[in-house]
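The values are calculated or read from the model by the stated rules, or taken from the named source; none is laboratory data. Treat the numbers as computed from the prediction; the structure is a model and nothing was measured. Methodologically, a virtual Cβ is constructed for each residue, glycine included, from the backbone with ideal geometry; neighbour enumeration extends over all protein chains shown. Accessible surface is based on the protein model in full, side chains and every heavy atom, while ligands, DNA and RNA are left aside. Shrake-Rupley method; radii C 1.70, N 1.55, O 1.52, S 1.80 Å.
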Amino acid sequence: MTQLITTELVELDRNLGNDPEAVIRHLASKVAATGRATEVEGLFADAYAREQKTATGIPGGIAIPHCRSAAVTEPTLAMARLDPKVDFGAKDGPADLIFFIAAPDGADQAHLKLLSKLARSLIKKDFTAALRAAGTEAEIVELVDGALADKPAAHAAEAPAGAAPAAAAGAAAAPAAAAASGSGPKRLVAVTACPTGIAHTYMAADSLVAAAKEAGVDLQVETQGSSGAKALDPAVIAAADAVIFAVDVDVRGKERFAGKPVINAPVKRGIDEPAKMVQEALAAAEDPHARRVPHFGAEEQAEQAAAEKGEHIGQKLKRALLTGVSYMIPFVAGGGLLIALGFLLGGYLITEFADTIVTTNNFFNLPTEYPEQAMGPLGAYLGAVLFKIGALSMGFLVPALAGYIAYAIADRPGIAPGFVAGAVAGFMGAGFLGGIVGGLLAGYIAHVIGSWQVARWLRGLMPVVIIPLLASIVASGLMFLVLGGPIVALTEGLNGWLSGLTGASAIALGVILGLMMCFDLGGPVNKVAYAFAVAGLGAATIDNQAPWQIMAAVMASGMVPPLAMALASTVLDKKRFSLAERENGKAAWLLGASFISEGAIPFAAADPLRVIPASMLGGAVTGAISMAAGVGSKAPHGGIFVFFAIDNFVMFFIAIAVGTVITALSVIALKRWAVKKSVDTVEPVPVTV
């Protein structure tokens, strides 16, 4: 296995700048200079973007900037002992020991485990003291190699050092015996997880274990990190008095902890304040009104509702709708692209031949009757197959939308009645509006039924039988008997109105959609416009291309902000942007081309009063041009990379180019003449060998 750290990757008692940006750039240059990264800028941008999300300073004068990056060719550690210290955001002050962890995107498990082990060693005072006392780079490398060679720290509280094996076994068994007798120390379990899963995940785990040991508490931790996770024994979870979630991402298998008092916090708090979290968990274990991990049925639905009590009805509705849309998009994305490929190979009239071709033909019996526009018999056959797969995928659009709206309201018991209500809406022709209504209805009914107080013997049947059965009957029955007809009429009227949009009215719709897409760059308003466009794709046909045109206008407008920020910060006027913004601008080219509006968020966060109005101006122009030119997109995502799914691609490109230039020039003009602000500049640190 390649050595993770060498003397060439160590800096001792150096002044590398007065802020994290300068230090990270210098260490990235060290990694690149040793041939372990293909470029400095890409590695620096990834590492600094991670630093901006969550500061990597930890107590004890230590910082661990880290990232996964496509620029890294092999897992690497670079270390610096700073003089003077630099503030990396730790509560106890600036850091002098900096470990830069650079991992490739596809790092193997063995390397990731070593990187994680190093991170855990950094919370040991004797190890950090030795690092500070080391006189040469070779001593640092030897210390690090020694830490990596040690056995991984145990996740459970350990017996005192030097204890005989029998004594240690007795110490480990004591908490279990004490728990069985109802006396002795409390027992806690915890889950730690961070986005990259390399450093903070494991450091938080060991910090919590150490704090619990000092408090005389038995604590076992499940680390859900990059180097793999070993799930806690169900018996250990069952015996625990409370659970700690020190996480920045969703807990995998959260239902295992259902009913336990819970303390929720970011993973970094598990490193900074482990003792406080342990004490809070102990207090929650004694508090009958403490927040608990929700169950998935029966009266526990009421507990979940109590936890969400502060959320008003608008927030709940938005959360449910966005959840449904997020789960629906993969069906639409795959289905839309497959349909587009079907049209490409089989011609636009493949819809009339597809069913016959896929059921009566094969590779050895190619069709003889097919559209004139098809690419021959083989193209017609492949086009029919792709079109049919895409059409079947699109058939899940409304059921998936409704099912996961219900899931957001009632958790797992809401999925089945939501899917059924969505299927009813699709059968009746109620479209995505019917799916939304059916999903909300099914979710609410499942939630109400789940709050019923029932006998203990019946609780196990509630989430898997009773709730899905009753909620399906009520929600789908109401769709058939009462709501379906009016929604169908409304849907048909809306489709007719959209199909009839021409001239000024179509352009006005394009302007509105463009403004919405650029208003909050991936936020709720942006998502409403996008959800409207995606949900309408299911109703598009050759005769009714309005939904495709709306999708094209939405996608084109959403591409403008990141492309414009990239153009302004890397080409037109670099000096108006900070170094970090220029680095983000390089990535924004690809993000914008891929229709990822969030690529402009770093610019908007730093300067919202200039970036957002400029983006809205360009987005509105792009939406208007797209609608006026009748550009259509059968794909809901992908940007320029789904060119084959876009009708009139030339005008699609022109609309984006015009909006991008308008936004870029507007933001530069605003930066020059509207309440100027200073821009921090940091000179690049040269690559050193």
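A few points about this structure:
- Debye log10 I(q)/I(0) for region 520-632, one point scatterer per Cα, at q = 0.13, 0.23 Å⁻¹: -0.50, -1.21
- Sorting Trp452, Trp457 by solvent-accessible area of protein heavy atoms yields Trp457, Trp452, largest first, with a 1.4 Å probe.
- Along region 5-17 the Karplus relation, 6.51 cos²θ - 1.76 cosθ + 1.60 evaluated at θ = phi - 60°, assigns HN-Hα couplings of 9, 10, 4, 5, 9, 10, 10, 10, 6, 10, 9, 9, x Hz to successive residues, with x for each Gly and Pro.
- Taking 0.36 nm per residue of sequence separation and removing the Cα-Cα distance, the Ala606/Asp105 pair yields an extension gain of 177.6 nm.
- Approximate spin-label separation Asp145-Leu433, in nm, with each point projected 7 Å along Cα-to-Cβ: 7.2 nm
- With DNA, RNA and ligands ignored, accessible area of Phe649 (1.4 Å probe; Å², nearest 10): 70 Å²
- Of Lys30/Lys254; Lys30/Lys117; Lys230/Lys268, pairs whose Cα-Cα distance is over 29 Å: Lys30/Lys254
- With the simple spin-label model, which puts each label point 7 Å out from Cα in the Cβ direction, the Ala275 to Leu572 separation comes to 5.5 nm.
- Solvent-accessible area of Leu478 with every protein chain in place, 1.4 Å probe, in Å² to the nearest 10: 70 Å²
- When the Cα gyration tensor is reduced to axis lengths a ≥ b ≥ c, the ratio a/c is 1.5 or higher for region 1-101, and with a/b above b/c it is classed as prolate.
- Computed FRET value (nearest 0.05) for Val448 with Lys230, which takes r as the C-beta separation and R₀ as 41 Å: 0.55
- Unsatisfied cross-links (Cα-Cα over 28 Å) in the set Lys527/Lys575; Lys124/Lys276; Lys85/Lys124; Lys53/Lys671; Lys91/Lys316; Lys53/Lys186: Lys527/Lys575; Lys91/Lys316; Lys53/Lys186
- Förster-model FRET efficiency, 45 Å R0, Asp13 and Lys316, C-beta, rounded to 0.05: 0.20
- Cβ-derived FRET efficiency at R0 30 Å, Phe641 paired with Leu378, nearest 0.05: 0.75
- Spin-label proximity, Leu469 to region 396-419 - amide N less than 18 Å from point 7 Å beyond Cα toward beta carbon: 413-418
- Taking amide hydrogens as placed 1.01 Å from N in the peptide plane, the amide H of Thr73 sits under 5 Å from those of Ala37, Thr38, each at least 5 positions away in sequence or on another chain.
- With distances taken between every two different alpha-carbon atoms, region 329-403 has a Kirkwood hydrodynamic radius of 12.2 Å.
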